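The values are calculated or read from the model by the stated rules, or taken from the named source; none is laboratory data. From a predicted model like this one, the values you see are computed outputs, not experimental measurements. For neighbour counting, all protein chains shown are included, and Cβ atoms are generated from backbone atoms with ideal geometry for every residue, glycine included. Side chains are part of the model used for accessible areas, which takes the heavy atoms of the whole protein and leaves out ligands, DNA and RNA. Shrake-Rupley method; radii C 1.70, N 1.55, O 1.52, S 1.80 Å.
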Amino acid sequence: FGTGIRFRSSLSAVSAQIGGTNAEVTFADAQGQFIGLDQINVRIPRNLIGRGEVDVVITVDTQRANVGKVNIK
């Protein structure tokens, strides 16, 4: 979840990297239930299974968000 994502130029202008691996962005727009909250859905690549804690990097229209972390079992 985040803010400002709904103003992207197109879905293809949103990219994600998880653990240094490109990940498919399937949705990036308004969340739908909470005013002002946006949502990004990303498919986690199978080759990351068991990697543990990795960085998540989201870029929207060349604007990079703060790096997040996720633990992949």
Completion exercise
Measuring from its Cα centre, the chain shows a charge dipole (+1 at each Lys and Arg Cβ, -1 at each Asp and Glu Cβ) which, in debye to the nearest 20, is 200
Completion exercise
Taking the dipole of the chain about the Cα centre (Lys, Arg +1; Asp, Glu -1; charges at Cβ), the one of Val70, Asn47, Leu37 that reaches farthest to the positive side is Asn47
Handout entry: Fraction of accessible area attributable to carbon and sulfur, the chain (%, probe 1.4 Å)
Key = 49
Exercise for the section: At 0.36 nm per residue, minus the direct Cα-Cα distance, what do Arg64 and Phe7 gain on full extension? Give it in nm, one decimal, please. Expected result: 19.1 nm
Problem - Per residue accessible area of the chain, 1.4 Å probe, in Å² - result: 69
Completion exercise
Placing each pseudo-label 7 Å from Cα in the direction of the beta carbon, Asp55 and Arg43 end up separated by a distance in nanometres of 2.5
